[in-house]
Amino acid sequence: MLDAGNDRLVEFDAEGAVAKIWDTKGDGEGELNSLGFGGVAVDGDDNVFVVDNGNYRIQKFDDDGNFVTQWGSRGDGDGQFQRAIGIAVDTSGNVYVTDDARPEIQVFDNDGQFVRTWGSEGSGPGTFMHPTGIAVDPDGNVYVADYENKRVQKFNADGVFVLEWLMESPDSTPEGLAIDADGHVYVTDYDGGRVEVRTPDGELITDWNGGSGTSFRRPVGVAFDSKGNVYVSNQAGNTVTVYAPPPLN
């Protein structure tokens, strides 16, 4: 996980013990300056892609933490970033990046070569107001948390708008996204302190707030392990909480 406030990556074992820390701050190869937020994604070969927000770039590492490559600079052009935040990798290894200060989705190949972009500022289909979380399902469909518009949008592999859904509460704000092995879409509700679980078509299955004594506090990230357990990171409190898969029937 990215410990953005400390400009480092932390790897944990299955019991929650620290296994490895990559924690060199700076602007050189393999160094980080995340300015308190960013994202991490892993491809099928266990390469790790990190949003290095303060350096306006994406960095790629192998599974041992060795620097592989980097791309990006500050700006509004193709392959440039203003405030990159969300990142995801599809089954072909393509890398998708959201930028909180740019209403677009940028797509790169596995080595960082620019492929395409889509989106513009607005509230209509295919437009964004502060895109944050992003996830790609096995069929290549792309889900994007559209924070200010309080919705999640779904696109096909070519970036063509498919559908959208609003968060359950008007006070909710979508932040992180993840898709489980059965295709359910998990959305963290940053302001509402909840996680919504949806079908691929946006139908609400359930939501929960972490349960008694473990309520979510500004949840930002959500992910799964190989057993289907759900990991939720809380910005307030600086915690990661692990849950058994919720009943979805």
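Brief remarks on what is shown
- Scanning region 160-175 finds one or more residues that are of a type in the set (D, E, K, R), touching a strand residue (DSSP E or B) at 6+ places or on another chain (Cβ under 8 Å) and open to solvent by 70 Å² or more (accessible area, probe 1.4 Å).
- Subset of region 43-59 that is open to solvent by 10 Å² or more (accessible area, probe 1.4 Å) and not polar (S, T, N, Q) - its residue that is farthest from the chain's Cα centre (by Cα): Asp45
- Within region 145-159, the set of residues being of a type in the set (S, T, N, Q) and surrounded by 16 or more Cβ atoms within 10 Å (Cβ to Cβ) comprises Asn149, Gln153.
- Subset of region 92-113 (residues that are of a type outside the set (Ser, Thr, Tyr) and either over 17 Å from the mean Cα position of the chain (by Cα) or assigned to a loop (DSSP other than H, G, I, E, B) (or both)): Gly93, Asn94, Asp100, Ala101, Asp109, Asn110, Asp111, Gly112, Gln113
- Of everything listed in (1) touching a Ser or Thr at 6+ places or on another chain (Cβ under 8 Å); (2) part of a strand (DSSP E or B); (3) open to solvent by 20 Å² or more (accessible area, probe 1.4 Å), the single unmet condition for Asp78 is (2).
- Any hit, region 114-124, residues being at pLDDT 95 or above, closer than 26 Å to Val195 by Cβ and surrounded by fewer than 17 Cβ atoms within 10 Å (Cβ to Cβ): yes
- Conditions (1) buried (at least 21 other Cβ atoms within 10 Å of the Cβ); (2) under 19 Å from Tyr96 (Cα atoms); (3) at pLDDT below 95; number of the one not met by Asp180: (1)
- Inside region 64-92, residues that are acidic (Asp, Glu) and closer than 21 Å to Ser120 by Cβ make up a count of 2.
- Test: residue in region 61-71 that is of a type outside the set (A, V, I, L, M), closer than 20 Å to Leu177 by Cβ and at pLDDT 90 or above: no
- Search result, residues across region 60-72 that are touching a Lys or Arg at 6+ places or on another chain (Cβ under 7 Å) and open to solvent by 30 Å² or more (accessible area, probe 1.4 Å): Val68, Thr69, Gln70, Gly72
The values are calculated or read from the model by the stated rules, or taken from the named source; none is laboratory data. It should be emphasised that the depicted structure is a prediction, and the values quoted were computed from it without experimental measurement. Every residue, glycine as well, gets a Cβ built from its backbone with ideal geometry; the counts of neighbours run over all protein chains shown. For the accessible areas, the whole protein counts, side chains as well, though only heavy atoms, and no ligand, DNA or RNA atoms are used. Shrake-Rupley method; radii C 1.70, N 1.55, O 1.52, S 1.80 Å.
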